[in-house]
1. Of all residues in segment 219-234, how many are in contact (Cβ under 8 Å) with a residue 24 or more places away in the chain and either farther than 18 Å from Y135 by Cβ or exposed (fewer than 14 other Cβ atoms within 10 Å of the Cβ) (or both)?
2. Here is a list: F120, F192, F151. Which entry is in the same structural domain as L89 (by TED's automatic domain parsing) and either modelled with pLDDT of 95 or more or surrounded by 14 or more Cβ atoms within 10 Å (Cβ to Cβ) (or both)?
3. Got at least one residue in segment 90-104 being in contact (Cβ under 8 Å) with a residue 60 or more places away in the chain and either assigned by TED's automatic domain parsing to the domain that holds E203 or over 25 Å from S11 (Cβ atoms) (or both)?
4. Kindly indicate which of L52, L104 is under 22 Å from the mean Cα position of the chain (by Cα) and buried (at least 16 other Cβ atoms within 10 Å of the Cβ).
5. I need the helices (runs of 4 or more DSSP H) fully contained in segment 136-238, keeping only those with at least 3 residues that are over 30 Å from Y62 (Cβ atoms).
6. What do you reckon, is V73 at pLDDT 95 or above, surrounded by 15 or more Cβ atoms within 10 Å (Cβ to Cβ) and within 25 Å of S215 (Cα to Cα)?
Amino acid sequence: MKERLDKLISSQTNLSRKDAARAIRDKRVTVNGALCRATDAKVDPDADRIALDGSPVTYRRYVYYMMNKPEGVVSATEDQTERTVLDLLPAELRRDGIFPAGRLDKDTTGLLILTDDGDFAHRMLSPKKHVDKTYLATLDRAPDKSVPEAFAAGIALADGTVCKPGVAVISDDCRVEVTIHEGKYHQVKRMFAALGYRVTALERIRIGALDLDPSLAKGEVRPLSKEELALVFDQPPC
């Protein structure tokens, strides 16, 4: 399917639609090696060779990035007072329509996927798909052996909401690895609070069978491969 040239350039770069149109009029864009100054020219993104300032514009219908979210930023596309995860995106990775697929609290760190593919995000977040999310929770005191049993049975929150069964594995003295596939507000913290514990730190380490890249520093972002994307909808081996 053919698209307008200005729209395609905007969707594949960090240029706004207005700036893309200006670049075309300023003779900075070629199509199949020939200069094009028509902003509404129709091009085939899969067949035509498009270049901006001499550099090829590689067409990607959607993008998918892994972020190691740091503390102190919000999982939103924009915010009037807080820094957002999109503010951390390097300029070369930015394009219109990117959003965080799901949310991590401001003080929660770890694996976050950024994309412009709404269908992918819906499938990943839908409770019907049962995509596991795994967190490493640090507690204010050592958990006792009843914690895994409580998670396996399903925990009733303070407001009476009953969470579906999850998996809790005590990692060390004060840390517990928790796997759930729901996405209720502050769910992990509220589940532990219902058991009498306070979560002092929370990191998401896995979605489905996709692990957070240990080489990715806090605040860093990188593209996901097709193989890694497929892991999101797999479940890790028992």
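1. Residues flagged as in contact (Cβ under 8 Å) with a residue 24 or more places away in the chain and either farther than 18 Å from Y135 by Cβ or exposed (fewer than 14 other Cβ atoms within 10 Å of the Cβ) (or both) within segment 219-234 amount to 10.
2. Testing whether each residue is in the same structural domain as L89 (by TED's automatic domain parsing) and either modelled with pLDDT of 95 or more or surrounded by 14 or more Cβ atoms within 10 Å (Cβ to Cβ) (or both) leaves just F120.
3. Yes, segment 90-104 has at least one match.
4. L104
5. In segment 136-238, the matching helices (runs of 4 or more DSSP H) lie at 146-153, 187-194.
6. yes
The values are calculated or read from the model by the stated rules, or taken from the named source; none is laboratory data. These numbers were taken from a predicted model, which means no experiment stands behind them. Glycine gets a Cβ as well: all are built from the backbone with ideal geometry, and neighbour counts include every protein chain shown.
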